């Protein structure tokens, strides 16, 4: 375990490094990444989405199947396996969490499976987890951590949960102006709204705690989105944050569970390569302008005009609401599971590569998790073991 010059993050009575690795799917943050971060004393997070893709035997059973029940069962088996493997890597250090999107159809099943498999924390974003206390009622030792972007959303969760005699064990405050993947805002043009800025949300949330009479509960606030330097970490802590969460920076580490080409795409992306667009989940999302995404965006308006209900292209209806399947014209018109799976496998031409907007701590270099965590905590950049990622093939000029 590493030592921190900053105050520890306290969750469920456990003292942790104030560094949280965000959950990234499909399969980008699985057992190897999460277990490595937890092993150092931080919070490592497994993304629950379609984890069967890390298990050849499960893919042999379901890869060509359109049997929803079979695929859903395989993903629960995979989640159980990934949690067990991450726990073996962490060896009791840090904390292991599972990130579960509220927007996925199997949300409740994933929550229950994660708890039964011995996970320490459940993190939920991409929607308001109003029912999370009920779903986890039989597992009171599991920490519940919602991901929210503004004080209004935090107030809604707190008031709903307080009626159920439950409070969050921590809250992730994600700034949609900088974050990767699905973003906590309604419209593409909302990213610059002042209510999402960290100073406003941190101060507003502390005031909210006082108004609700829960300031003594000391609910940790974890800031996420755009964090890439030791100086930023120090500044956020001075504003009142209790920890920081990073996604993209961990995705490109040596221990990241995705293909090396995935890491190269993220590491080599220039500011002009990063775009924000509407996902099929009905939420804005941010990723890298690779050949597939460039081609899709060129055709998006035409596809949206032709939108109409159709069968799920992969047969297991991964989202509660899918713009492609349900014919929702204002949402994305592509199969998100298929495109994210291509990215996981390193298919640069066909994959959808989610990425945050800011520079990475080590630029285009792929470093071990330990070096990243040490840099965030101390500002010291190790010069040993750096691997420079050459440009990924097939990048599209902006």
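Side notes on the structure shown:
- Distance histogram in 5 Å bins (all Cα pairs of segment 269-344, percent per bin): 3, 16, 27, 27, 18, 7, 3, 0
- Between residue 138 and residue 193, the modelled label-to-label distance comes to 3.8 nm, taking each label 7 Å out from Cα in the direction of the beta carbon.
- Relative packing of peptides 217-227, 198-208 - highest average C-beta neighbours within 10 Å first: 217-227, 198-208
- Alpha-carbon centroids, segment 108-183 and segment 241-262: separation in whole Å: 21 Å
- Using C-alpha pairs under 8 Å with a sequence gap of at least 6, the mean separation divided by the residue count of the chain gives a relative contact order of 18 percent.
- Structure remark: mean-square fluctuation, Gaussian network model of the chain, C-alpha springs under 10 Å; the largest value among 67, 75, 165 belongs to 165.
- For the chain, taking Cα atoms only, Rg and Dmax work out to 19.6, 56 Å respectively.
- Only beta bridges with both residues in the chain are counted; by DSSP, about 35 percent of them are antiparallel.
- Structural descriptor for segment 269-344: relative contact order 33 percent, calculated from alpha carbon pairs under 8 angstrom and at least 6 residues apart.
- MRE, 222 nm, helices only [DSSP H, n ≥ 4, -39500 (n - 2.57), over the chain, to nearest 500]: -10500 deg cm²/dmol
Here, each number is a calculation from the coordinates, and none is a lab measurement. Just so it is clear, the structure is predicted and the values come from calculations on it, not from any experiment. Methodologically, a virtual Cβ is constructed for each residue, glycine included, from the backbone with ideal geometry; neighbour enumeration extends over all protein chains shown.
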